[in-house]
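Quick notes on the structure that follows.
Each value in this text was obtained by applying a stated rule to the coordinates, not by laboratory testing. Since the structure is predicted, the reported quantities are computational estimates derived from the model, not experimental observations. Counting neighbours? That spans all protein chains shown, and the Cβs are built from the backbone with ideal geometry, glycine included.
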Amino acid sequence: MKPSNKGRKSAVAAIKVQDGWMTVETTVNGARQSWKIRPDDFLLDALRREGFKGAKKGCETGDCGSCAVLLDGKAVASCLLLAAQSQDREITTIEGLGTPSEPHPLQEAFVDTGGIQCGFCIPGMILSAKALLDRTPSPTEAEIRRALDGVLCRCTGYVKQVQAVKLAAERKK
Amino acid sequence: MLKNIEVFYFPETVKDAVRLLNRHAPHAAVIAGGTLITKSPNLSTRVLVDIRGIDMDYVKVQAGRLRIGARTSFQSLADSKLLQKWAGGALSRAAAAVTTHLIRNAGTIGGDVARALPYNDMPPVLMALDAEAVIVDGKKTRTLPVEEMVRGHMWRIVGRRALLTEFRLPSETRKRACAIARFARSASDWEAMVHAVASMEKSRGICRNARIVLGAVTRHAQRFPQAEAVLEGKPYSESLAAEAAQAVFDGLTPVSRASAEYRREVASVLVRRAIREVWNENETQQ
Ligand SMILES: Cc1cc2nc3c(=O)[nH]c(=O)nc-3n(C[C@H](O)[C@H](O)[C@H](O)COP(=O)(O)OP(=O)(O)OC[C@H]3O[C@@H](n4cnc5c(N)ncnc54)[C@H](O)[C@@H]3O)c2cc1C
Ligand code: FES
Ligand code: FES
């Protein structure tokens, strides 16, 4: 983080806007990023502009969860946070979990249980599930439902997605 | 929106944060979780002070009092073992009931009180437990009952130079019984229609230090001294609960959202249920 040079006493870290732009340094999926952004850019917009299109734009009001990403390991709505709030933090997007040839165990479990239809909610679902399993490797069904309660799915009816998280947890044992 | 931001600061101490707020007043604002401020247009804000680096994320007991850092997230409140035991875990349950995991992870108790919309979930419970807010504004540190803090946006109450650092709950509230009865259109609707909280000491069948608080029905959450007076010092009975509920019905003038008659009716029903639940933990609400 760049320390501010404004005032003698000020060793407080700061990011300044110059000619309408500012630079945010953050880490996405383990790789350091330096973003040139507008001060009122949301994290979701910055991520999508930088190519992390797994984070989806649904409601932009914090209600649907399709924009969920992990910020320092916790699931948050990237449409509600300013990109500048991610300064010096670790973001995980769905792009950081597995590859088409080697999917993450959660991605595999979602496919195996048929928990994916159109796919729009899936990045938010899987990242929220990852945050849960990282903390609670053997969750109860109630815990799974709570951990996914911010992500709306218009297709599946949730049952298979809950099964998917259970399956991923069992396979991990 | 926040188009006119010129600088973001990331202070690591209360002192630095307050100094920045003072230096840039009235154009500086605090950003905690960001779940409210980022969507609320205030074109005059030019400086954002992000307080995430300050050690204000804790729940602890000191000298018998409960202290909650203003930057503590809803999820940390829900998970706190200490809070789960304080006043029967009412505040922790209220935090666990916040709409979704995405908001519980980001939203903070300080933000919920600083920008106390009438239906915010923390203020009524804090008020029922006699909570005080600790405010630091450069010159001094002072405390203010949450009841006073929520009468408007924080900057109207204590000015734009102030940082809310902590909530304190008096030691005697630890043993109080506290029940919440909340009614919204759906479980995921955070704008409750009516939010009733009852707390009191159950002293050998007698109601002591009763608090009746209603959120979401008037311009800000408020206590109902008329209903509290009905309960005070009396042995609990169903009819006493009904009498207190009647006092709410008679004294309440609800504003906006749904008709006043409807809300007055629902408010009195929820107050009665909350009081009953305080005395009979098994009763289910809603
Ligand atoms: C989809 C959605 C669902 C929600 N559900 C709920 C719910 O169920 N219950 C509920 O109560 N609320 C809910 N909210 C509202 C909001 O999330 C909460 O009010 C939350 O507590 C705000 O905290 P924050 O840290 O995100 O505040 P911020 O947005 O960071 O700040 C809010 C305001 O408070 C000021 N502020 C914050 N902290 C301090 C401080 N320490 N000192 C001085 N000023 C400060 C800021 O300057 C700003 O004006 C919801 C919001 C959304 C978008
Ligand atoms: S787009 Fe962020 S919650 Fe809907
Ligand atoms: S699979 Fe289509 S929204 Fe969930």
Over the protein assembly as shown: helical MRE at 222 nm, DSSP H runs n ≥ 4 each giving -39500 (n - 2.57), nearest 500
-9000 deg cm²/dmol
Percent relative contact order for segment B:1-134, counting Cα pairs under 8 Å at least six residues apart, stands at 21 percent
How do the peptides B:176-186, A:96-106, B:122-132 rank, highest first, by the average count of neighbouring beta carbon atoms within 10 Å per residue?
B:122-132, B:176-186, A:96-106
Residue mean of other protein chain beta carbons inside 10 Å, B:225-237:
0
Which aspartates and glutamates does B:Lys202 reach when only Cα atoms under 16 Å apart count, and residues fewer than 8 places away in its own chain are ignored?
B:Glu172, B:Glu228, B:Glu232, B:Glu238, B:Glu277, B:Glu281
Could the peptides A:57-68, B:239-250 be put in order, highest first, of the mean number of other beta-carbon atoms found within 10 Å of their residues?
A:57-68, B:239-250
Distance between the C-alpha centers of segment A:19-58 and segment B:192-218? Whole Å please.
46 Å
Using the Karplus equation 6.51 cos²θ - 1.76 cosθ + 1.60 (θ = phi - 60°), what ³J(HN,Hα) coupling, rounded to whole Hz, does each residue of segment B:48-64 give in order, writing x for Gly and Pro?
10, 10, 7, 9, 5, x, 8, 6, 10, 10, 7, 10, 8, 10, 9, 6, x
Cβ neighbours within 10 Å from other chains - mean over B:30-38
4
Computed over segment A:105-172, the ratio Rg/Rh where both radii use C-alpha atoms and Rh is Kirkwood
0.91
Identify all lysines with a Cα-Cα distance to A:Lys74 below 16 Å; exclude those on the same chain that are fewer than 8 residues away in sequence.
A:Lys130
Using a Cα-Cα cut-off of under 20 Å, which aspartates and glutamates could be cross-linked to B:Lys39, ignoring same-chain neighbours fewer than 8 residues away?
A:Asp40, A:Asp41, A:Asp45, A:Glu60, A:Asp63, B:Glu6, B:Asp50, B:Asp112, B:Asp121, B:Asp189, B:Glu191
To the nearest µm²/s, what D does Stokes-Einstein give for segment B:177-285 at 25 °C and 0.890 mPa s, using the Kirkwood radius over alpha carbon pairs as Rh?
180 µm²/s
Checked chain B against the a/c 1.5 cut and the a/b vs b/c comparison, axes a ≥ b ≥ c from its Cα gyration tensor; verdict prolate
Partner chain coverage, peptide B:94-102 - average Cβ within 10 angstrom:
6
With a 10 Å radius around each residue's Cβ, average the other Cβ atoms per peptide and rank A:135-142, B:72-79, highest first.
B:72-79, A:135-142
What is the ratio of the Cα radius of gyration of the protein assembly as shown to 2.2 N^0.38 Å, with N the residue count, to two decimals?
1.02
